Amino acid sequence: MKSLTLVLPLVAMSVLLSSCDNGGESTGGEPKTEPVKGAQSVSEAIFGQMPDGADAKIFTLANANGMEAKITEYGAILVSLTTPDKNGTLADVTHGYDTLEGWLTNTSYFGATVGRFGNRIADGKFTLDGKEYTLATNNDPGGIPCHLHGGIKGFDKVLWKGESFEGEGARGVNLTYVSPDGEEGYPGTLTTVVTYTLTDKNELIWEARATSDAPTVLNVVHHSYWNLSGDATTSINDHELTLYAEHYLPTDAGLIPTGQVASVAETPMDFRSAHVIGERVEAAFEALKLGAGYDHAWVLSGEKDGELNKAARLKDPETGRVMTISTNQPAIQFYGGNFLDGTVTGKGGVVYEHRTALCLETENYPDAPNNPEAPSAVLRAGETYYHKMVHAFSAE
Ligand code: BGC
């Protein structure tokens, strides 16, 4: 139970039901009235329909500084996030689609909440309390099958139930999903509540809490693709990255950690001080060859930002936008958008080319259920899983 923070049951939040204080109800996907800069608000609308006809809502959170986060009930997905650059110009810094249809027909996990187990499980198998479980093998890097991001119909492809709320200097949405016992091969009925909160301090906080009626394994992960330039046609190789980690987890050709915990010193994996991502991404280094670039987990050193572990600092030098990430989790996956290959058309008709966005996913170790050295990924009845991730935005 090393990695699981036990917390009290979900605190009742002041829920503001149907809080369309800017006249937000519509069926066209966008609130009728957009929040004006400086007007903190939370509104909801219908984003689109699921294949069975069920409505998927979209919530718009706006803060005192004009930032806006849009979150849909489908996949508990962050649809967009606008942040100011050094001149105060707001732009969306995430990859995604304009419509629900885009997310329904593509599987790049843009902005999604992934689970039950985010990242990979070797061969789609794990043993818990002496019983072996078999999951879908829906990914095969290096031609080696594995289970990725919860399987064929993971948390990113189900409809969550959203309820907005307003708090002191912040507003957000709670999204709940009850995953039945056996879904995607995982044991236990798992109830997960994901909370997105946008604060007036320009933080986007993502939290996941989960309880199960039987022992299970999980690793619920937020999977936004970031390009802080606000121009999704540009490469993230120009971004500067710091990772607060002395070690990373080398993988085999199937991107499964080997069990070794390697020092980053004197390798292209060393981001202890800020480095331009493109500087070493093509280096003749085994891990980078296997990952087709950066696609690894780094073990966080435990340097603190309040109670949380400092995880990452990302900066786009051109626009001056900075995003820092802190978390209660032990590791962070830095994925450099290596599998983006110009085959997906996203928001505004932009074709997402190679390395035009990156993911920084706080989490437990990949394949933790099969790695005795990893922090435990087991959740038992009566315990509460809690994952907190704070994205703080600024510009310089
Ligand atoms: C993984 C990548 C994978 C991507 C899919 C990332 O979390 O590290 O290997 O291709 O998710 O979106």
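Every number in this text was worked out from the coordinates using simple rules, so none of it is lab data. Keep in mind it's a predicted model, so treat the numbers as computed, not measured. Note: ideal-geometry Cβ built from the backbone for every residue, glycine included; neighbour counts use all protein chains shown.
Of the cross-linked pairs 157/304; 125/153; 57/315; 70/347; 70/201; 125/157, which ones have a Cα-Cα span greater than 24 Å in the structure shown? Intermediate values should be presented prior to the final figure.
Values: 157/304 34 Å; 125/153 17 Å; 57/315 32 Å; 70/347 13 Å; 70/201 17 Å; 125/157 22 Å.
Beyond 24 Å: 157/304; 57/315.
Under a plain spin-label model, where a point goes 7 Å from the Cα along Cα-to-Cβ, how far apart in nm are residue 178 and residue 99?
For the pair residue 178/residue 99, the computed spacing is 3.3 nm.
Treating cross-link reach as a plain straight distance, find the aspartates and glutamates whose alpha-carbon is under 14 Å from the alpha-carbon of residue 86, omitting any fewer than eight places away in the same chain.
The qualifying aspartates and glutamates are 316, 318, 396.
Have a look at 257, 51, 84 and tell me which one the Gaussian network model of the chain (Cα, springs below 10 Å) gives the largest fluctuation.
Of 257, 51, 84, the Gaussian network model singles out 51 as fluctuating most.
If I stretch the segment between residue 265 and residue 350 completely, what's the gain in nm (0.36 nm per residue apart, minus their alpha carbon distance), one decimal? Present the calculation step by step, with values, prior to reporting the outcome.
On the way: separation 85, 0.36 × 85 = 30.60 nm, distance 3.79 nm.
Separation in residues times 0.36 nm, less the Cα-Cα distance, equals 26.8 nm.
Compute the relative contact order of the chain as a whole-number percentage, counting only Cα pairs closer than 8 Å that sit 6 or more residues apart in sequence.
Values: 1102 pairs, mean separation 71.1, N = 396.
18 percent.
Between the alpha-carbon centers of the stretch 206-257 and the stretch 322-357, tell me the distance in whole angstrom.
Here the answer is 9 Å between Cα centres.
Based on the Cβ-Cβ distance of residue 280 and residue 52, what FRET efficiency does E = 1/(1 + (r/R0)^6) give at R0 = 35 Å, to the nearest 0.05? Before the final figure, lay out each step's value.
Working: r = 48 Å, r/R0 = 1.36.
E(calc), rounded to 0.05, equals 0.15.
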